[in-house]
Amino acid sequence: MATAAITTEREHYLNKEYGIRSWLLTTDHKRIALLYLISITFFFFIGGFFALLIRLELLTPAGDLVQADTYNKLFTMHGMVMIFFFLIPSIPAVLGNFLVPMMIGAKDLAFPRINLLSWYLYIIAGIMMLHCMVTGGVDTGWTFYTPFSTAFTNTKVIEAGLSVFVAGFSSILTGLNFVVTIHRMRAPGMTWSRLPLFIWAHYATSIIQLLGTPVLAVTLVLVVCERVLGLGIFDPNRGGDPLLFQHLFWFYSHPAVYIMILPSMGVVAEIVPCFSRKRIFGYQAVALSSIAIAVFGFLVWAHHMFVAGISLYSAMIFSILSYLVAVPSAIKVFNWTATMYKGSVTFSTPMLYAFGFIGLFTMGGLTGLFLACLGIDVHVTDTYFVVAHFHYIMVGGAVMGYLGGMHFWWPKISGRLYPEWLGKFAALIVFLGFNLTFFPQFILGYLGMPRRYWQYPAEFQVLNVMSTAGSTILAVGYVLPMVYFLWSMRYGKIADENPWGAAGLEWKTASPPPTFNFEETPEVTWEAYNYDQIPAPAEVLIER
Amino acid sequence: MFDNFPLWPARASTGAGNVDALYIFLVLLASFMSLAIFTMITVFALKYHRRHGREAEQIEGSHALEITWSVVPLAIFMTIFAWGAVIYFQERTPPRGATEVYVVAKQWMWKLEHPEGQREINELHVPVGRDVKLIMTSQDVIHSFYIPAFRIKQDVLPGRYTTQWFRATKPGVYHLFCAEYCGSQHSGMIGQVVVMEPAKYEAWLAGGTTSGSLASNGESIFQQLGCSTCHRSDTQGRGPNLAGVFGKPVQLEDGRIVVADENYLRESITSPSAKVVSGFKPIMPVFQGLVSEEQLNALVAYVKSLNPASAGAQQQGPKE
């Protein structure tokens, strides 16, 4: 492969410097994005491995594959790894890092060194989490509920709590960087109303990260204080209040769901217009709905606590507020769908993921209506119905969006195209595997199977077997893209600067982009998604 | 048809049917909405599939449409909210005169005590057609008392009482699950609810050996701990007279007025200085850690039995 072509190759962010130092000390947002990509992929497969073990244990009603304590650690570590080390950083730290500066016509983020710092914090937190796992793990569930976590379990609560605490700062710094960058670094002419919706989604996400994450940090510090110093904060035996913990925890952890899903919505809002060759339907509504979700998202936390022992009337208030947050989500779904109307639609891989996202997010959102409904929630909360619901949002929604985005921007990131037919095949596998894994869990939940059960009554077995079967299919669907992305880095077709004929400044620079993104600062004179002015790409690329 | 592949658990309480009705409505609504979205996507994707000689038509959007698909869902959501809130309100408001069964949760078992003094572990026997109120507390971590066949669930917390109620309608044996993760043997913290015909239930009740009713046990604990030296049945005691206190508003020393519910009685035993009754001094010793959860329950049941109004329902067991 090493031919004369390399010597004449254009300089870009990947080949400007070589060597481990040039990566570990880089302040280039694109290289940091790749550092994140590698690290979150690592954690994704660790979390996925735990998930497979959980599903294997649940293949039979008896607890026979692992011990009860091991099982409890498995679902705890699965949750912590997937949420704090994969989903929360996923799109913002990888695609957001890579694209936010480029989409607004900036050379880099506002604070490039802080950006690198946030990756190091993530790595430190990750090492702490790995250390916690190999020295015994933790069994509190990712929710750390007190007084179990502070006064009863003898597993590694402090290590896990501090790890999440550090990871939180990584997330805060990323959010801070995005907010400042979006406010201060936009290219001339890139007004707020011309921002890509991906940027709006990241702006809303960053605000949640900035305002919510500190509350989680405080809560975890209090947990550690109670456990180490014996202060009575959450433990009623020492004069504390266990419900206070739940209020504090969910004040972050409910909005955290929007940290995971909003960026995916941003991705879908880029993909659907591109492969419909149309301006997004109702730009303003889609942009403002992101902000509305971020704001309302902070007002609904106690819907996780309808049976926890809160008062009748506060439950009613939180129920009604939860329905309000569903409205902006509904607007988004309708507007994406309407964008295709009278468009010129092609079924590219990213578009298939966007379809998958809309479908699974719709089902996740609609089952959210069940859970926000007090009378139903009493029966289904803490059952597999909840497990299915949040996996539809966080895996069906967030991960579908992440994969769609990775396919959409892979040519920009790597300068290569992935094999299109394999991409479509993987998207289909993911969609089928996902539904087979999680749809049966809705029924299991309504039948009354509680979550976090190591063994279960035999009558629940059939649905559990279906779910486990689905999870193996899903695993194949997740491994495939990793394989062909790696393959394409060497053997994929060379991508030009805009293989999809997409709007957006990131497509007006070379693939892969030069270190400072643009040869000269662009000046924006057009509205976002001006697909009437951009020629569609050659047929072969998309339809093959 | 659903015998081999059920979609919901047995329906064995007065509330279960209401929950299922709302659930089925929501399933239909969600199916309709998903289908509508999936159909739109499919139709648009096929009908407007890329073709030579046809360009996409640029459409800015439509506020009228956007308002429609915000307001219509909102109206539907509010209907669901109201329906669910009504059911929740019923679920959370025990009828007067319900039989009160005390539940103590601990890692990893359920201990139950009937007003007549019968004790059970991981089993709850109840007759068909009677309102049963569960007054629950935990000895250690948070648990959750969940009976799928009744569609009810309530977390059980250490240091306080939570309650829920049901009226069973169908004899049978149903699952009792702990639904809040509580440590190693969480999935082993299960049991069964046995719903019986009233006559069989009476036989079961008579068959057990008890050392007196819960309230009478409470009375002897009340004497043993010396409570009666201050809480006298006249107005001369150093503590308030407890007769008729339960369920009534109480004027506190700091001016607040609280209702003397089960949690108030409980707190007044475990940490008496938290809410001192107006006109009395905070001289009562703290009983936190000195009385077990079962003794606390008996004491609370005893104080409640001093109520002329509800004593009948408390003491006499089943009323016809």
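The values are calculated or read from the model by the stated rules, or taken from the named source; none is laboratory data. Not measured: the values here are computed from a predicted model. Here Cβ is always computed from backbone atoms with ideal geometry, including for glycine, and neighbour counts include all displayed protein chains. The accessibility values were calculated without ligands, DNA or RNA, using every heavy atom of the protein model including side chains. Shrake-Rupley method; radii C 1.70, N 1.55, O 1.52, S 1.80 Å.
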>> Within region A:214-232, does at least one residue satisfy the condition of being surrounded by fewer than 24 Cβ atoms within 10 Å (Cβ to Cβ) and over 30 Å from A:G309 (Cα atoms)?
In response: no
> Can you pull out the helices (runs of 4 or more DSSP H) entirely within region A:370-447 that have at least 3 residues that are open to solvent by less than 10 Å² (accessible area, probe 1.4 Å) and within 14 Å of another protein chain (Cβ to nearest Cβ)?
Replying inline: A:374-380, A:420-447
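Is it the case that A:I32 is under 21 Å from A:I261 (Cα atoms), crowded, with 22+ Cβ neighbours inside 10 Å and among the hydrophobic types (A, V, I, L, M, F, W, C)? Don't jump to the end; show me each part of the working.
Working: under 21 Å from A:I261 (Cα atoms): no; crowded, with 22+ Cβ neighbours inside 10 Å: yes; among the hydrophobic types (A, V, I, L, M, F, W, C): yes.
Judged against the criteria, A:I32 is not a match.
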> If A:E459 satisfies every condition in (1) in a loop (DSSP other than H, G, I, E, B); (2) free of Cβ contacts under 8 Å to residues at least 24 places away in the same chain; (3) among the acidic types (D, E) but one, which is the exception?
Replying inline: (1)
>> Report every pair of residues separated by at least 6 positions or lying on different chains whose Cβ atoms are under 9 Å apart, first residue within region A:249-273 and within 13 Å of A:I207 (Cα to Cα) and open to solvent by 10 Å² or more (accessible area, probe 1.4 Å), second part of a helix (DSSP H, G or I) and among the aliphatic types (A, V, I, L, M).
In response: A:Y258/A:A204; A:Y258/A:I208; A:Y258/A:I293; A:Y258/A:A294; A:Y258/A:V325
> Do you know which residues across region A:385-420 are under 18 Å from A:V81 (Cβ atoms) and not hydrophobic (A, V, I, L, M, F, W, C)?
Replying inline: A:H391, A:Y402
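Residue by residue, here is whether (1) under 25 Å from B:G97 (Cβ atoms); (2) surrounded by fewer than 18 Cβ atoms within 10 Å (Cβ to Cβ) holds:
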site: B:R238; (1), (2): no, yes
site: B:N241; (1), (2): yes, yes
site: B:G247; (1), (2): yes, yes
site: B:Q251; (1), (2): no, yes
site: B:G255; (1), (2): no, yes
site: B:N263; (1), (2): yes, no
site: B:V291; (1), (2): no, yes
site: B:A298; (1), (2): yes, no
site: B:N307; (1), (2): yes, no
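Could you check region A:316-336 and list, in sequence order, the residues that are touching a Leu at 6+ places or on another chain (Cβ under 6 Å) and within 7 Å of chain B (Cβ to nearest Cβ)? Steps first, answer last, please.
First, the residues of region A:316-336 that are touching a Leu at 6+ places or on another chain (Cβ under 6 Å): A:319, A:321, A:327.
If the condition is that a residue be touching a Leu at 6+ places or on another chain (Cβ under 6 Å) and within 7 Å of chain B (Cβ to nearest Cβ), then A:S319, A:V327 are the ones that fit.
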> Taking region A:497-514, which residues are assigned to a loop (DSSP other than H, G, I, E, B) and open to solvent by 30 Å² or more (accessible area, probe 1.4 Å)?
Replying inline: A:E497, A:N498
> Does A:I114 satisfy the criteria of being of a type outside the set (S, T, Y), more than 26 Å from A:H254 (Cβ to Cβ), in a helix (DSSP H, G or I) and without any contact (Cβ under 8 Å) to a residue 12 or more places away in the chain?
Replying inline: no
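Of all residues in region A:150-172 being among the polar types (S, T, N, Q) and in a helix (DSSP H, G or I), which is nearest to the other protein chains (Cβ to nearest Cβ)? Step through it out loud before you land on a result.
As a first pass, look at region A:150-172 and keep what is among the polar types (S, T, N, Q): A:150, A:153-155, A:163, A:170-171.
Now restrict to residues that are in a helix (DSSP H, G or I): A:150, A:163, A:170-171.
Working: A:T150: 10, A:S163: 20, A:S170: 27, A:S171: 25 Å.
Restricting to residues being among the polar types (S, T, N, Q) and in a helix (DSSP H, G or I), the top hit is A:T150.
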> Which members of region A:292-319 meet the condition of being crowded, with 19+ Cβ neighbours inside 10 Å, closer than 18 Å to B:W83 by Cα and not aromatic (F, W, Y)?
Replying inline: A:H303, A:V307, A:A315, A:S319
> Taking region A:237-248, which residues are part of a loop (DSSP other than H, G, I, E, B) and either away from every other protein chain (no Cβ under 14 Å) or open to solvent by 30 Å² or more (accessible area, probe 1.4 Å) (or both)?
Replying inline: A:G239, A:D241
> Any idea which of B:P318, B:P282 is in a loop (DSSP other than H, G, I, E, B) and either modelled with pLDDT of 90 or more or farther than 26 Å from B:E202 by Cα (or both)?
Replying inline: B:P282
>> Here is a list: B:I152, B:I190. Which entry is open to solvent by less than 30 Å² (accessible area, probe 1.4 Å) and either under 21 Å from B:Q295 (Cβ atoms) or among the aliphatic types (A, V, I, L, M) (or both)?
In response: B:I152
>> Just the residues that are at the interface with chain A (Cβ under 7 Å from one of its Cβ atoms), free of Cβ contacts under 8 Å to residues at least 12 places away in the same chain and of a type in the set (A, V, I, L, M), please, taken from region B:12-58.
In response: B:A30, B:M33, B:I37, B:M40, B:I41, B:A45, B:A56
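So, in region A:33-65, how many residues would count as being assigned to a loop (DSSP other than H, G, I, E, B) and either without any contact (Cβ under 8 Å) to a residue 24 or more places away in the chain or under 19 Å from A:L95 (Cβ atoms) (or both)?
As a first pass, look at region A:33-65 and keep what is assigned to a loop (DSSP other than H, G, I, E, B): A:58-65.
Those still in the list that are either without any contact (Cβ under 8 Å) to a residue 24 or more places away in the chain or under 19 Å from A:L95 (Cβ atoms) (or both) too: A:64-65.
Of the residues in that region, 2 qualify.
Restricting attention to region A:337-361, which residues are out of contact with any Gly (no Cβ under 6 Å at 6 or more places or on another chain), more than 8 Å from chain B (Cβ to nearest Cβ) and either among the β-branched types (V, I, T) or closer than 30 Å to B:G84 by Cα (or both)?
Keep residues of region A:337-361 that are out of contact with any Gly (no Cβ under 6 Å at 6 or more places or on another chain), which gives A:337-348, A:351-352, A:355-356, A:358-359.
Then keep just the ones that are more than 8 Å from chain B (Cβ to nearest Cβ); that gives A:339, A:348, A:351-352, A:356.
Listed by number, the list holds a single entry, A:T339.
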> Does region A:476-496 contain at least one residue that is at pLDDT 95 or above and assigned to a loop (DSSP other than H, G, I, E, B)?
Replying inline: no
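Can you find a residue in region B:92-113 that is open to solvent by less than 70 Å² (accessible area, probe 1.4 Å), facing another protein chain (nearest Cβ under 9 Å) and closer than 25 Å to B:A12 by Cα?
Taking region B:92-113 and keeping what is open to solvent by less than 70 Å² (accessible area, probe 1.4 Å), we get B:92-95, B:97-107, B:109-113.
With the extra rule that they be facing another protein chain (nearest Cβ under 9 Å), the set shrinks to B:92-93, B:107.
Now narrow it down to the ones that are closer than 25 Å to B:A12 by Cα: B:92-93.
Yes, region B:92-113 has at least one match.
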> So which residues in region B:45-69 are in a helix (DSSP H, G or I) and either open to solvent by 30 Å² or more (accessible area, probe 1.4 Å) or out of contact with any helix residue (DSSP H, G or I) (no Cβ under 9 Å at 6 or more places or on another chain) (or both)?
Replying inline: B:L46, B:K47, B:H63, B:A64, B:L65, B:I67, B:T68, B:W69
> Condition test on A:F234, is it in contact with an Asp or Glu (Cβ under 7 Å, 6 or more places away or on another chain) and more than 9 Å from chain B (Cβ to nearest Cβ)?
Replying inline: yes
>> Checking the structure you have, find out if any residue of region B:243-262 is touching a residue at least 60 places away in the same chain (Cβ under 8 Å), within 25 Å of B:A105 (Cα to Cα), part of a helix (DSSP H, G or I) and not assigned by TED's automatic domain parsing to the domain that holds B:P148.
In response: yes
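Of the residues that sit in region B:120-157 and are assigned to a loop (DSSP other than H, G, I, E, B) and within 7 Å of chain A (Cβ to nearest Cβ), which one is nearest to B:N18 (Cα to Cα)?
Pass one, region B:120-157, residues assigned to a loop (DSSP other than H, G, I, E, B): B:122, B:128-130, B:139-142, B:151, B:157.
Add one more test, that the residue is within 7 Å of chain A (Cβ to nearest Cβ), and what stays is B:140-142, B:151, B:157.
Numbers: B:D140: 34, B:V141: 32, B:I142: 28, B:R151: 10, B:L157: 27 Å.
Filtering region B:120-157 for residues that are assigned to a loop (DSSP other than H, G, I, E, B) and within 7 Å of chain A (Cβ to nearest Cβ), the one nearest to B:N18 (Cα to Cα) comes out as B:R151.
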>> Can you say whether A:M363 is open to solvent by 10 Å² or more (accessible area, probe 1.4 Å) and not polar (S, T, N, Q), as far as the supplied structure shows?
In response: yes
>> Could you check region A:123-149 and list, in sequence order, the residues that are more than 14 Å from every other protein chain (Cβ to nearest Cβ) and in a helix (DSSP H, G or I)?
In response: A:I123, A:I124, A:A125, A:G126, A:I127, A:M128, A:M129, A:L130, A:H131, A:C132, A:M133, A:V134
>> Condition first: more than 9 Å from chain A (Cβ to nearest Cβ) and basic (K, R). Now tell me which residues in region B:158-179 satisfy that.
In response: B:R167, B:K170
> Of the residues in region A:448-465, how many are over 20 Å from B:I152 (Cβ atoms) and buried (at least 24 other Cβ atoms within 10 Å of the Cβ)?
Replying inline: 1
